[in-house]
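Engineer: Here's a structure for you.
Just so it is clear, none of the values below were taken in a lab; they were calculated from the coordinates. Since we're looking at a predicted model, the values are computed, not measured. Here Cβ is always computed from backbone atoms with ideal geometry, including for glycine, and neighbour counts include all displayed protein chains.
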């Protein structure tokens, strides 16, 4: 029988890389989050061969202190949390201190960075886990990270990568999620030295949406907004006439982070009940802002699934926000086909009672809908508190619907 032994740091990092770095798009996601945390106003992303040969991300953020360069590629080293209590009040996009260490173990990594008060930059190179001591270099303010030959020393992982177009499709999707959540950032994406997206900074989220999806879609969006008990929801939902055959144009953001959540997706579906034909999906770009201590983002390696302290409130608030907005519109005359009559057995909006008309009864109705979801879709053992880790997909890469996973 084999004896228990301590794993080497190299093996540990390769295991961590397998959890955090699934494909080139995973690297792009982690590095974009680092740039956001560095308060960058401009981010440029370059990829070659779908990111397998080269990933380069350049930002104009705060940069890395020269004394911290070596720590940047060390496992579980981070500037973003100090104690376990901070995990329940995460105010940054990244916080685990695993990404760069994982990338450095399975690629040829180069970091160049300069802070505002420095006369020169510093460069650090790591080749498949072997670190070259930092040295002075010339570079602009901010950070430049280059990753070459990803998974060079893990051929099994490289073998499971898809085609170049598919891998770049995943990169483009990660780029889109960050760009949609941060319209005030100037963002650039290139593939094989060819420009894909050039997105100027804008104070208007609709401008950014229009660049990705075109005016045909954005001109038909309906603004929605709600604020209750410290939770602000806002965004845009599609007119029922502009539904889609898939959920690829449903995006949900929590405090600037793209997430997946089955209960909120169910609330969106319920809001359109009786307004869409079977098999059609609504368009939605929704943003949730709430205190970070009311959500746990440390439940999944990729941080796309979360647990809310009060998932029931968010469910009710999202459902009520959209239904109340629809009640103020003359949807009956605008819909092409009165599908709600057949679906609901009554008038088109027979299931849409204004929350203010019967507040006690309406509150109970929304609570029952949430309870039904928790019982039937997640499981009877799910707890209403700290609920909401979901597995369904919100959002997909714009104009890349043909790519496979």
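Engineer: Taking neighbour Cβ counts within 10 Å as the exposure measure, how do 2, 246, 263 sort from fewest upward?
Structural biologist: 2, 246, 263
Engineer: Rounded to the nearest 0.05, what FRET efficiency is calculated for residue 327 and residue 41 with R0 set to 51 Å and r the Cβ-Cβ distance?
Structural biologist: In this case the efficiency is close to 0.80.
Engineer: For segment 126-205 and segment 248-294, what is the separation of their Cα centres, given in Å?
Structural biologist: Their Cα centres are 27 Å away from one another.
Engineer: Let me ask you something else. Taking 35 Å as R0, compute the FRET efficiency from the Cβ-Cβ separation of residue 67 and residue 246 and round it to 0.05.
Structural biologist: It comes to 0.10.
Engineer: Also, quick follow-up: Please report 162, 29 as a ranked list, fewest other C-beta atoms within 10 angstrom at the top and most at the bottom.
Structural biologist: Listed from fewest to most nearby Cβ atoms, that is 162, 29.
Engineer: Between residue 141 and residue 207, what is the label-point separation in nm under the 7 Å Cα-to-beta-carbon projection?
Structural biologist: Between residue 207 and residue 141, the label points sit 2.2 nm apart.
Engineer: Further, regarding this structure: What ranking do 293, 37 get, fewest neighbouring Cβ atoms within 10 angstrom at the top?
Structural biologist: Listed from fewest to most nearby Cβ atoms, that is 293, 37.
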